[in-house]
Amino acid sequence: MKKSMSLLLILTLLLPPASFAKVHVASDQVIPERRHNIVLSVLLDELNSRYERIMSSVPAQTVNAIEIERKVQINEAINKKRAELASGEISVEQWRNEAAEINREALQQQKDELLYQISNLRTEELDRIAAVMQNNLNYLDAQQEYQAAYTRTEKARALSHAIISDLDQHLSMLNKSSRFMSKEAWLRDLSRTQSAFNTKGSSSRKWLKILGYAALGVAAAGLVSWGVASSVYGSKYNKRKSELDRQFEDFRSELEKQYNDLNARLTQEELNYLSNSGFVLSTCGTFQRPSSILCNRYNYQLFSGTTFCSVSCYRNPTTGGETLHSAPACTSPYIPSDCYDPQEYSDGYDNGYDDGYDQGHGDGVDDGDYDGGEDGWEDGSSDGEWDGYDQGYSDGFQFGYESYWGYTLMSSPISSTQYSQKNYNKGYQDGQSDAHIVFGGVK
């Protein structure tokens, strides 16, 4: 008994406070109302299980080979970025901007892929995923939309809205946390991203790694560099897709060329046969019909008259036989030659617009300068307030990060006293809350 109590005391002292904050929600419990990204997490698990069933007949050796290839590609990409950042080849600011752009592009691609997957889920699978939205205030709108849905398509659309909300919210939170990350923090983030993809075991979602969705799971763990791994999948996918598209286009062009050659050959052989049999190209019929048209040039005035048409064919003068009749060729002499020109009002309007634009441009510059000065002062004041919020968020997120990992994520370069204390406090609370959600479970 004493040994057990001693072990418990040691663990209490060694483990970070956030380690005891992780919450595992049983299926028969009410989902905490502040938990984020739960729909995304359940969807990823569902996709992994689905592909395990679909691909159960694929030999394990083949699956392992594909997974190893994925890991090699990701390790190469991450090692390259770590080396560039560590050596100073790229600055922290350059890498921060590059990572933000990579994440943005990767997020859009992952959105498209996930929405495609959702659209192919069965109704019972959609219901199983949507059940986790119950009693969660983060999904009130999506939950109401899903409950009102009747068809599978409507349910898929409602669930897609919840997934998009999860992805956008989490990317925004990661972008905020990255604003003041130091070089050391970025290097640790890249290392943990690499470790997350190299993890073994059933919990690593093998099929998500193979298919390229695992990057979202890494993002949900709070690792800002997740887009690097996702871009590896995206580049390989786009490269292979481009190769297949090019092969298909080449094949289609070749078939089209063969068809055109055969068609021209057949047509020429048929014409040669008709010529040798006494057929000549002739006018085989004429007809006329009343018609009318509205002319742009004349303010859409109606013009009426007669259209004359003729039909050509190959005719044998001896037998009177006819073949290969053409489509009617028609003329309408009553239509004015300038019928399709722009109407006079439009011409006048365009000319007047150009003159008026030149005259009004100078006045607009003066008015814009005045209005811009007023708006600039107001925006500058607002930006100052938000700078305070951002600094508070940074410090709050740092506190939450330290409570989980045990060491500093970033160093704040500017004192909070330079900003609005009210907004600083609000930002600090939001940053601490977001870090707690990402690293420590539910607040």
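The values are calculated or read from the model by the stated rules, or taken from the named source; none is laboratory data. None of the values given here were measured: they were computed from a predicted structure. Quick reminder, even Gly has a Cβ in these numbers, built from the backbone with ideal geometry, and neighbours come from all protein chains shown.
Within the range 163-187, take every residue that is loosely packed, with under 15 Cβ neighbours inside 10 Å and among the hydroxyl-bearing types (Ser, Thr, Tyr) and give me the one that is modelled with the lowest pLDDT.
Residue satisfying both the conditions and the ranking: Ser172.
Where residues in the range 296-338 are touching a Gly at 6+ places or on another chain (Cβ under 8 Å) and either of a type in the set (Gly, Ala, Ser) or farther than 30 Å from Ser275 by Cβ (or both), which of them is surrounded by the fewest Cβ atoms within 10 Å (Cβ to Cβ)?
Applying the filter and picking the extreme gives Pro333.
For Tyr146, which of the numbered conditions (1) of a type in the set (Ser, Thr, Tyr); (2) crowded, with 16+ Cβ neighbours inside 10 Å; (3) in contact with a strand residue (DSSP E or B) (Cβ under 8 Å, 6 or more places away or on another chain) fails to hold?
(3)
Look at Glu101 and say whether it is under 18 Å from Asn175 (Cα atoms), without any contact (Cβ under 8 Å) to a residue 24 or more places away in the chain and assigned to a helix (DSSP H, G or I). If you could, list the steps in order and put the result at the bottom.
On the way: under 18 Å from Asn175 (Cα atoms): yes; without any contact (Cβ under 8 Å) to a residue 24 or more places away in the chain: yes; assigned to a helix (DSSP H, G or I): yes.
Taking the combined requirement at face value, the residue satisfies it.
Considering only residues of the range 80-132 that are touching an Asp or Glu at 6+ places or on another chain (Cβ under 8 Å) and over 29 Å from Ser178 (Cα atoms), which is surrounded by the most Cβ atoms within 10 Å (Cβ to Cβ)?
Ile129
Being outside any helix (DSSP H, G or I), farther than 19 Å from Lys81 by Cβ and under 20 Å from the mean Cα position of the chain (by Cα), is that true of even one residue in the range 170-188?
no
Residue-by-condition table, conditions (1) within 27 Å of Leu271 (Cα to Cα); (2) not polar (S, T, N, Q):
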{"position": "Phe287", "(1), (2)": "yes, yes"}
{"position": "Ile293", "(1), (2)": "no, yes"}
{"position": "Tyr298", "(1), (2)": "no, yes"}
{"position": "Ser304", "(1), (2)": "no, no"}
{"position": "Ser310", "(1), (2)": "yes, no"}
{"position": "Ala329", "(1), (2)": "yes, yes"}
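Go through (1) buried (at least 19 other Cβ atoms within 10 Å of the Cβ); (2) outside any helix (DSSP H, G or I) one by one and return the number of the condition Asn135 breaks.
(1)
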